[in-house]
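Please read the structure below before turning to the comments.
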Amino acid sequence: MAEIDKFFHVLVEHKASDLHLAEGQPPKIRLHGDIQPIREEVLTHSEMERLLSEIAGHDRWQMYRKKGDLDFAYEMSHEARFRCNYLKQVHGYGAVFRLIPTKIATIEDLGIPPVIKRFGHLTGGLVLVTGPTGSGKSTTLAALIDYINVNFHKHIVTIEEPIEFVHENKLSVITQREVPENATSFASGLRAALREDADVVLVGEMRDLETISLALTAAETGLLVFGTLHTNNSRKTVDRMIDVFPASQQPQVRTMLSASLRGIVAQLLLKRCDGGGRVAVNEILIANNAVSAIIREGAPEKLTDVLISGRGMGMQFMDDAIMDVLKQGIVSPTEAYMKAIDKQRFEPYLEGAPH
(Lines give C-alpha, C1' and ligand atoms only; values in the text may rest on other atoms or scores of the structure.)
Protein backbone atom coordinates (compact mmCIF):
# COMPACT_ATOMS: atom_id res chain seq x y z
CA MET A 1 0.00 0.00 0.00
CA ALA A 2 1.33 3.43 -0.96
CA GLU A 3 1.69 6.03 1.80
CA ILE A 4 -0.67 8.41 -0.05
CA ASP A 5 -3.48 5.80 0.04
CA LYS A 6 -4.35 6.88 3.61
CA PHE A 7 -5.53 10.22 2.17
CA PHE A 8 -7.35 8.49 -0.69
CA HIS A 9 -9.23 6.32 1.83
CA VAL A 10 -10.47 9.50 3.58
CA LEU A 11 -11.61 10.86 0.19
CA VAL A 12 -13.52 7.66 -0.65
CA GLU A 13 -15.08 7.35 2.84
CA HIS A 14 -16.40 10.93 2.72
CA LYS A 15 -17.61 10.51 -0.89
CA ALA A 16 -15.56 13.61 -1.76
CA SER A 17 -14.50 14.45 -5.33
CA ASP A 18 -10.93 15.80 -5.04
CA LEU A 19 -7.86 15.69 -2.81
CA HIS A 20 -5.63 18.80 -2.68
CA LEU A 21 -2.05 18.47 -1.42
CA ALA A 22 0.24 21.49 -1.25
CA GLU A 23 3.53 21.93 0.54
CA GLY A 24 3.08 24.33 3.48
CA GLN A 25 -0.68 23.68 3.83
CA PRO A 26 -2.81 20.95 5.45
CA PRO A 27 -4.22 18.28 3.10
CA LYS A 28 -7.74 19.17 1.94
CA ILE A 29 -10.69 17.50 0.22
CA ARG A 30 -13.49 18.95 -1.92
CA LEU A 31 -16.85 17.81 -0.60
CA HIS A 32 -20.05 18.87 -2.46
CA GLY A 33 -18.15 21.72 -4.07
CA ASP A 34 -16.48 23.09 -0.89
CA ILE A 35 -12.82 22.59 0.09
CA GLN A 36 -12.06 21.61 3.69
CA PRO A 37 -8.91 20.45 5.57
CA ILE A 38 -8.68 16.83 6.78
CA ARG A 39 -5.93 17.43 9.38
CA GLU A 40 -4.27 20.36 11.10
CA GLU A 41 -0.56 19.81 10.40
CA VAL A 42 0.81 21.20 7.17
CA LEU A 43 2.51 19.04 4.55
CA THR A 44 6.30 19.36 4.65
CA HIS A 45 8.67 19.21 1.68
CA SER A 46 9.94 15.72 2.61
CA GLU A 47 6.42 14.34 3.17
CA MET A 48 5.25 15.70 -0.20
CA GLU A 49 8.30 14.24 -1.93
CA ARG A 50 7.56 10.78 -0.42
CA LEU A 51 3.85 10.91 -1.20
CA LEU A 52 4.16 12.09 -4.77
CA SER A 53 7.28 10.25 -5.96
CA GLU A 54 6.07 6.83 -4.75
CA ILE A 55 3.02 6.61 -7.01
CA ALA A 56 4.55 8.54 -9.94
CA GLY A 57 7.47 6.14 -10.38
CA HIS A 58 11.03 7.16 -11.24
CA ASP A 59 10.62 8.34 -14.86
CA ARG A 60 7.46 10.37 -14.31
CA TRP A 61 8.91 11.90 -11.13
CA GLN A 62 12.02 13.09 -13.00
CA MET A 63 9.80 14.54 -15.74
CA TYR A 64 7.70 16.42 -13.14
CA ARG A 65 10.82 17.81 -11.39
CA LYS A 66 12.11 19.06 -14.72
CA LYS A 67 8.84 20.45 -16.18
CA GLY A 68 6.83 21.33 -13.07
CA ASP A 69 3.66 19.65 -14.38
CA LEU A 70 2.53 16.05 -14.66
CA ASP A 71 -0.76 14.27 -15.47
CA PHE A 72 -1.39 10.56 -15.05
CA ALA A 73 -3.90 8.10 -13.58
CA TYR A 74 -3.34 6.00 -10.44
CA GLU A 75 -5.35 2.94 -9.44
CA MET A 76 -5.47 2.32 -5.68
CA SER A 77 -7.86 -0.64 -5.97
CA HIS A 78 -10.55 -1.98 -8.31
CA GLU A 79 -12.95 0.46 -6.63
CA ALA A 80 -10.81 3.59 -6.79
CA ARG A 81 -8.91 5.27 -9.63
CA PHE A 82 -7.57 8.81 -9.49
CA ARG A 83 -6.68 11.42 -12.08
CA CYS A 84 -3.44 12.94 -10.77
CA ASN A 85 -2.21 16.42 -11.61
CA TYR A 86 1.16 17.46 -10.15
CA LEU A 87 2.16 21.11 -10.17
CA LYS A 88 4.72 23.47 -8.67
CA GLN A 89 3.33 26.28 -6.51
CA VAL A 90 4.80 29.23 -4.60
CA HIS A 91 5.68 27.12 -1.51
CA GLY A 92 6.96 24.06 -3.41
CA TYR A 93 5.26 20.84 -4.53
CA GLY A 94 1.52 20.60 -5.11
CA ALA A 95 -0.95 18.06 -6.47
CA VAL A 96 -4.66 17.62 -7.10
CA PHE A 97 -6.31 14.20 -7.35
CA ARG A 98 -9.79 13.62 -8.80
CA LEU A 99 -11.63 10.43 -7.87
CA ILE A 100 -12.75 8.56 -11.00
CA PRO A 101 -15.65 6.17 -10.41
CA THR A 102 -14.70 2.72 -11.71
CA LYS A 103 -18.32 1.91 -12.60
CA ILE A 104 -19.36 3.84 -15.69
CA ALA A 105 -22.70 5.52 -15.02
CA THR A 106 -25.42 5.29 -17.67
CA ILE A 107 -27.15 8.32 -19.19
CA GLU A 108 -30.16 7.43 -17.01
CA ASP A 109 -28.00 7.22 -13.84
CA LEU A 110 -26.69 10.72 -14.51
CA GLY A 111 -30.15 12.19 -15.05
CA ILE A 112 -29.08 13.68 -18.40
CA PRO A 113 -31.89 14.17 -20.96
CA PRO A 114 -32.14 10.87 -22.89
CA VAL A 115 -32.22 12.78 -26.19
CA ILE A 116 -28.40 12.75 -26.10
CA LYS A 117 -28.53 9.02 -26.95
CA ARG A 118 -29.31 10.23 -30.47
CA PHE A 119 -25.69 11.31 -30.79
CA GLY A 120 -24.64 7.68 -30.24
CA HIS A 121 -26.65 6.62 -33.32
CA LEU A 122 -24.80 8.97 -35.68
CA THR A 123 -22.43 7.56 -38.29
CA GLY A 124 -20.31 10.70 -38.66
CA GLY A 125 -19.93 14.32 -37.65
CA LEU A 126 -18.80 16.29 -34.62
CA VAL A 127 -20.44 16.29 -31.17
CA LEU A 128 -19.03 18.63 -28.51
CA VAL A 129 -19.47 18.13 -24.77
CA THR A 130 -18.59 21.36 -22.99
CA GLY A 131 -18.46 22.92 -19.55
CA PRO A 132 -16.01 24.33 -17.00
CA THR A 133 -13.42 22.14 -15.25
CA GLY A 134 -15.11 19.74 -12.82
CA SER A 135 -18.55 19.93 -14.44
CA GLY A 136 -18.69 16.21 -15.24
CA LYS A 137 -17.87 16.33 -18.97
CA SER A 138 -15.75 13.17 -18.77
CA THR A 139 -18.52 11.31 -16.92
CA THR A 140 -21.13 12.30 -19.52
CA LEU A 141 -18.82 11.33 -22.40
CA ALA A 142 -18.04 7.98 -20.73
CA ALA A 143 -21.80 7.31 -20.51
CA LEU A 144 -22.21 8.13 -24.23
CA ILE A 145 -19.27 5.94 -25.24
CA ASP A 146 -20.67 3.12 -23.07
CA TYR A 147 -24.08 3.52 -24.77
CA ILE A 148 -22.40 3.01 -28.17
CA ASN A 149 -20.34 0.12 -26.77
CA VAL A 150 -23.49 -1.68 -25.53
CA ASN A 151 -25.60 -1.12 -28.65
CA PHE A 152 -23.36 -1.03 -31.73
CA HIS A 153 -20.54 -2.99 -33.38
CA LYS A 154 -17.99 -0.18 -33.81
CA HIS A 155 -14.29 0.53 -33.38
CA ILE A 156 -14.02 3.31 -30.80
CA VAL A 157 -10.68 5.08 -30.26
CA THR A 158 -10.25 7.37 -27.24
CA ILE A 159 -7.37 9.84 -26.90
CA GLU A 160 -7.16 11.09 -23.31
CA GLU A 161 -4.80 12.82 -20.88
CA PRO A 162 -4.93 10.77 -18.71
CA ILE A 163 -7.29 7.81 -19.32
CA GLU A 164 -10.03 8.23 -16.74
CA PHE A 165 -12.77 5.67 -17.28
CA VAL A 166 -11.53 2.26 -18.42
CA HIS A 167 -13.97 0.71 -20.92
CA GLU A 168 -14.24 -3.03 -21.54
CA ASN A 169 -15.19 -4.30 -24.99
CA LYS A 170 -18.92 -5.09 -25.19
CA LEU A 171 -20.39 -5.06 -28.72
CA SER A 172 -17.74 -2.56 -29.79
CA VAL A 173 -13.95 -2.77 -29.80
CA ILE A 174 -12.39 0.04 -27.76
CA THR A 175 -8.80 1.28 -28.12
CA GLN A 176 -7.82 3.73 -25.37
CA ARG A 177 -4.68 5.81 -25.87
CA GLU A 178 -3.09 8.07 -23.28
CA VAL A 179 -1.23 11.32 -24.00
CA PRO A 180 1.80 11.45 -23.81
CA GLU A 181 2.45 7.73 -23.05
CA ASN A 182 0.74 6.19 -26.13
CA ALA A 183 0.35 9.27 -28.35
CA THR A 184 2.58 12.34 -28.16
CA SER A 185 -0.38 14.76 -28.39
CA PHE A 186 -4.13 14.88 -29.02
CA ALA A 187 -3.42 15.94 -32.60
CA SER A 188 -1.04 13.04 -33.31
CA GLY A 189 -3.50 10.58 -31.72
CA LEU A 190 -6.32 11.95 -33.85
CA ARG A 191 -4.20 11.82 -37.00
CA ALA A 192 -3.36 8.16 -36.26
CA ALA A 193 -7.06 7.35 -35.62
CA LEU A 194 -7.77 8.25 -39.25
CA ARG A 195 -5.54 5.28 -40.22
CA GLU A 196 -6.81 2.90 -37.51
CA ASP A 197 -10.15 2.00 -39.12
CA ALA A 198 -12.00 3.86 -36.37
CA ASP A 199 -15.74 4.58 -36.49
CA VAL A 200 -15.85 6.74 -33.36
CA VAL A 201 -13.08 8.92 -31.88
CA LEU A 202 -13.15 10.62 -28.51
CA VAL A 203 -10.71 13.55 -28.22
CA GLY A 204 -10.21 14.31 -24.52
CA GLU A 205 -9.47 17.97 -25.07
CA MET A 206 -9.65 20.20 -28.12
CA ARG A 207 -7.37 22.93 -26.91
CA ASP A 208 -5.37 24.04 -29.97
CA LEU A 209 -5.77 24.91 -33.62
CA GLU A 210 -4.19 21.69 -34.92
CA THR A 211 -6.46 19.39 -32.86
CA ILE A 212 -9.63 21.36 -33.74
CA SER A 213 -8.67 21.43 -37.42
CA LEU A 214 -8.04 17.66 -37.49
CA ALA A 215 -11.31 16.98 -35.61
CA LEU A 216 -13.25 18.97 -38.23
CA THR A 217 -11.50 17.10 -41.07
CA ALA A 218 -12.12 13.70 -39.41
CA ALA A 219 -15.82 14.56 -38.90
CA GLU A 220 -16.09 15.60 -42.56
CA THR A 221 -14.56 12.32 -43.74
CA GLY A 222 -17.21 10.23 -41.96
CA LEU A 223 -15.85 9.62 -38.47
CA LEU A 224 -18.06 10.34 -35.47
CA VAL A 225 -15.89 12.63 -33.33
CA PHE A 226 -16.65 13.49 -29.71
CA GLY A 227 -14.62 16.35 -28.24
CA THR A 228 -14.60 18.55 -25.15
CA LEU A 229 -14.14 22.29 -24.70
CA HIS A 230 -14.13 24.49 -21.57
CA THR A 231 -17.11 26.62 -22.67
CA ASN A 232 -20.40 27.11 -20.81
CA ASN A 233 -22.96 27.16 -23.62
CA SER A 234 -23.52 26.56 -27.34
CA ARG A 235 -22.92 30.13 -28.44
CA LYS A 236 -19.53 30.37 -26.70
CA THR A 237 -18.61 26.91 -28.04
CA VAL A 238 -19.18 27.92 -31.67
CA ASP A 239 -17.22 31.15 -31.06
CA ARG A 240 -14.28 29.24 -29.53
CA MET A 241 -14.13 26.71 -32.39
CA ILE A 242 -13.85 29.53 -34.92
CA ASP A 243 -11.82 32.13 -32.98
CA VAL A 244 -8.91 29.70 -32.57
CA PHE A 245 -8.18 30.14 -36.32
CA PRO A 246 -6.57 33.18 -37.98
CA ALA A 247 -9.12 35.65 -39.42
CA SER A 248 -8.22 34.66 -43.01
CA GLN A 249 -9.24 31.03 -42.37
CA GLN A 250 -12.42 31.73 -40.38
CA PRO A 251 -14.92 31.82 -43.30
CA GLN A 252 -13.70 28.37 -44.44
CA VAL A 253 -13.82 27.02 -40.86
CA ARG A 254 -17.39 28.32 -40.43
CA THR A 255 -18.38 26.39 -43.56
CA MET A 256 -16.66 23.21 -42.29
CA LEU A 257 -18.22 23.51 -38.83
CA SER A 258 -21.68 24.22 -40.24
CA ALA A 259 -21.43 21.01 -42.31
CA SER A 260 -19.95 18.71 -39.66
CA LEU A 261 -21.44 19.84 -36.32
CA ARG A 262 -24.16 17.43 -35.12
CA GLY A 263 -24.70 18.74 -31.62
CA ILE A 264 -23.44 20.43 -28.47
CA VAL A 265 -24.09 19.26 -24.91
CA ALA A 266 -23.06 21.96 -22.40
CA GLN A 267 -23.02 20.95 -18.75
CA LEU A 268 -22.91 22.79 -15.41
CA LEU A 269 -23.06 21.39 -11.89
CA LEU A 270 -25.21 23.27 -9.38
CA LYS A 271 -25.15 22.78 -5.61
CA ARG A 272 -28.30 21.16 -4.24
CA CYS A 273 -30.13 23.07 -1.47
CA ASP A 274 -30.41 19.94 0.69
CA GLY A 275 -26.61 19.57 0.91
CA GLY A 276 -26.84 16.24 -0.96
CA GLY A 277 -24.15 16.99 -3.51
CA ARG A 278 -24.68 18.60 -6.91
CA VAL A 279 -27.07 18.30 -9.82
CA ALA A 280 -26.12 18.45 -13.51
CA VAL A 281 -27.99 20.81 -15.85
CA ASN A 282 -27.56 20.68 -19.59
CA GLU A 283 -27.95 22.83 -22.65
CA ILE A 284 -28.58 20.67 -25.69
CA LEU A 285 -28.20 21.91 -29.26
CA ILE A 286 -29.13 19.51 -32.05
CA ALA A 287 -27.79 20.73 -35.38
CA ASN A 288 -30.38 21.34 -38.10
CA ASN A 289 -30.56 23.56 -41.20
CA ALA A 290 -31.16 26.67 -39.10
CA VAL A 291 -28.09 25.94 -36.93
CA SER A 292 -25.93 25.33 -40.02
CA ALA A 293 -27.07 28.62 -41.58
CA ILE A 294 -26.37 30.56 -38.34
CA ILE A 295 -22.82 29.13 -38.13
CA ARG A 296 -22.14 29.90 -41.81
CA GLU A 297 -23.38 33.48 -41.34
CA GLY A 298 -21.19 33.94 -38.27
CA ALA A 299 -24.16 34.96 -36.11
CA PRO A 300 -23.97 32.59 -33.08
CA GLU A 301 -26.09 35.00 -30.95
CA LYS A 302 -29.10 33.67 -32.95
CA LEU A 303 -28.53 30.14 -31.51
CA THR A 304 -30.49 31.07 -28.36
CA ASP A 305 -33.69 31.46 -30.44
CA VAL A 306 -33.10 28.07 -32.10
CA LEU A 307 -32.53 26.41 -28.69
CA ILE A 308 -35.76 27.86 -27.30
CA SER A 309 -37.87 27.13 -30.41
CA GLY A 310 -36.33 23.62 -30.78
CA ARG A 311 -37.77 22.20 -27.53
CA GLY A 312 -40.00 19.86 -29.55
CA MET A 313 -36.86 18.34 -31.13
CA GLY A 314 -35.33 17.77 -27.68
CA MET A 315 -33.25 20.94 -27.56
CA GLN A 316 -32.78 22.72 -24.26
CA PHE A 317 -31.56 26.23 -23.43
CA MET A 318 -29.26 26.43 -20.38
CA ASP A 319 -31.33 29.04 -18.53
CA ASP A 320 -34.50 26.96 -19.02
CA ALA A 321 -32.73 23.91 -17.54
CA ILE A 322 -31.57 26.03 -14.55
CA MET A 323 -35.11 27.42 -14.12
CA ASP A 324 -36.50 23.86 -14.06
CA VAL A 325 -34.27 22.78 -11.13
CA LEU A 326 -34.96 26.08 -9.33
CA LYS A 327 -38.75 25.64 -9.62
CA GLN A 328 -38.46 22.04 -8.41
CA GLY A 329 -36.73 23.37 -5.28
CA ILE A 330 -33.53 21.40 -6.03
CA VAL A 331 -31.25 24.48 -6.09
CA SER A 332 -31.38 27.84 -4.31
CA PRO A 333 -32.28 31.10 -6.11
CA THR A 334 -28.72 32.39 -5.43
CA GLU A 335 -27.10 29.29 -7.00
CA ALA A 336 -29.41 29.54 -10.04
CA TYR A 337 -28.70 33.27 -10.41
CA MET A 338 -24.91 32.74 -10.21
CA LYS A 339 -24.91 30.10 -12.97
CA ALA A 340 -27.50 31.68 -15.31
CA ILE A 341 -26.66 33.46 -18.57
CA ASP A 342 -29.54 36.00 -18.41
CA LYS A 343 -29.29 37.01 -14.75
CA GLN A 344 -32.21 39.45 -14.91
CA ARG A 345 -34.61 36.56 -15.45
CA PHE A 346 -33.56 35.07 -12.09
CA GLU A 347 -33.44 38.31 -10.07
CA PRO A 348 -37.13 38.15 -8.94
CA TYR A 349 -36.40 34.84 -7.15
CA LEU A 350 -33.62 36.27 -4.98
CA GLU A 351 -34.37 37.01 -1.34
CA GLY A 352 -35.69 40.49 -0.78
CA ALA A 353 -36.48 40.96 -4.48
CA PRO A 354 -39.79 42.76 -5.08
CA HIS A 355 -42.35 40.22 -6.35
Check: Using θ = phi - 60° and the Karplus curve 6.51 cos²θ - 1.76 cosθ + 1.60, what whole-Hz ³J(HN,Hα) does each residue of the range 231-243 get, with Gly and Pro shown as x?
Finding: 10, 8, 7, 5, 4, 5, 5, 4, 4, 4, 4, 8, 5
Next item on the list: Please list the non-local residues whose amide H lies under 5 Å from the amide H of LEU261, H modeled 1.01 Å from N, same-chain partners needing a gap of 5 or more.
Entry: LEU126
Next item on the list: Over the chain, calculate the relative contact order: mean separation of alpha carbon pairs under 8 Å at least 6 apart, over the residue count, as a percent.
Entry: 13
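Below 12 angstrom from the Cβ of LEU52, what's the summed charge of the other residues (Lys, Arg +1; Asp, Glu -1)?
Counting the neighbours of LEU52, the net charge comes to -1.
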Check: Ignoring ligands, DNA and RNA, what accessible area per residue does the range 111-172 give at 1.4 Å, in Å²?
Finding: 35
Checklist line | Partner lysines for LYS28 [C-alpha distance under 16 Å; skip if fewer than 8 residues away on the same chain] | finding: LYS6, LYS15
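Find the percent of Cα-Cα distances in the chain that exceed 34 Å, and round it to a whole number. Write down the numbers at each step before the final one.
Working: 19445 of 62835 pairs.
It works out to 31 percent of all Cα pairs.
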Notebook entry, point to check: Which length gain, in nm to one decimal place, applies between ASN169 and THR221 when the Cα-Cα distance is subtracted from 0.36 nm times their residue separation?
Noted result: 16.2 nm
Checklist line | Distance (nanometres) between label positions extended 7 Å along Cα→Cβ at GLU210 and ARG65 | finding: 2.9
Next item on the list: Could you list which residues have their amide H under 5 Å from that of VAL201, counting only those 5 or more apart in sequence or on another chain, with H placed in the peptide plane?
Entry: VAL157, LEU224, VAL225, PHE226
Notebook entry, point to check: Is the shape of the range 108-220 best called rounded, prolate or oblate, per the rule: a/c under 1.5 gives rounded, else a/b larger than b/c gives prolate, else oblate, with a ≥ b ≥ c the square roots of the Cα gyration tensor eigenvalues?
Noted result: rounded
Check: Got a sec to turn the phi values of the range 272-284 into Karplus ³J(HN,Hα) couplings, 6.51 cos²θ - 1.76 cosθ + 1.60 with θ = phi - 60°, whole Hz, x for Gly and Pro?
Finding: 6, 5, 7, x, x, x, 10, 10, 8, 10, 10, 9, 10
Check: Rounded to the nearest 0.05, what FRET efficiency is calculated for SER77 and LEU350 with R0 set to 51 Å and r the Cβ-Cβ distance?
Finding: 0.70
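So, for the range 294-355, what is the accessible surface per residue at a probe of 1.4 Å, expressed in square angstrom? Can you show the working numbers first?
Working: 3530 Å² over 62 residues.
Ligands and nucleic acids excluded, the result is 57 Å² per residue.
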Notebook entry, point to check: Rounded, prolate or oblate: which fits the range 3-55 when a ≥ b ≥ c are the square roots of the eigenvalues of the alpha-carbon gyration tensor, with rounded for a/c under 1.5 and prolate only if a/b beats b/c?
Noted result: oblate
Checklist line | Residue-averaged [θ]222 nm for the chain, counting only DSSP H segments that reach four residues, each worth -39500 (n - 2.57) | finding: -10000 deg cm²/dmol
Item checked: Karplus (6.51, -1.76, 1.60) ³J(HN,Hα), θ = phi - 60°, over the range 49-56, in Hz, Gly and Pro reported as x -> 4, 5, 4, 7, 6, 4, 8, 6
Check: What part of the accessible area of the range 1-141, given as a whole %, is carbon or sulfur when the probe is 1.4 angstrom?
Finding: 53
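How much accessible area per residue does the range 201-262 have, in Å², with a 1.4 Å probe? Walk me through the numbers before you get to the answer.
Values: 2450 Å² over 62 residues.
For the range 201-262, the solvent-accessible area averages 39 Å² per residue.
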Notebook entry, point to check: Where a ≥ b ≥ c are the square roots of the eigenvalues of the C-alpha gyration tensor, would you call the range 228-355 rounded, which needs a/c under 1.5, or, failing that, prolate if a/b is larger than b/c, or oblate?
Noted result: prolate
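The values are calculated or read from the model by the stated rules, or taken from the named source; none is laboratory data. Since this is a predicted model, take the numbers as computed values, not measurements. FYI the Cβ positions are ideal-geometry reconstructions off the backbone, even for glycines, and counts take in every protein chain you see. Note: areas computed on protein heavy atoms with side chains; ligands, DNA, RNA excluded. Shrake-Rupley method; radii C 1.70, N 1.55, O 1.52, S 1.80 Å.
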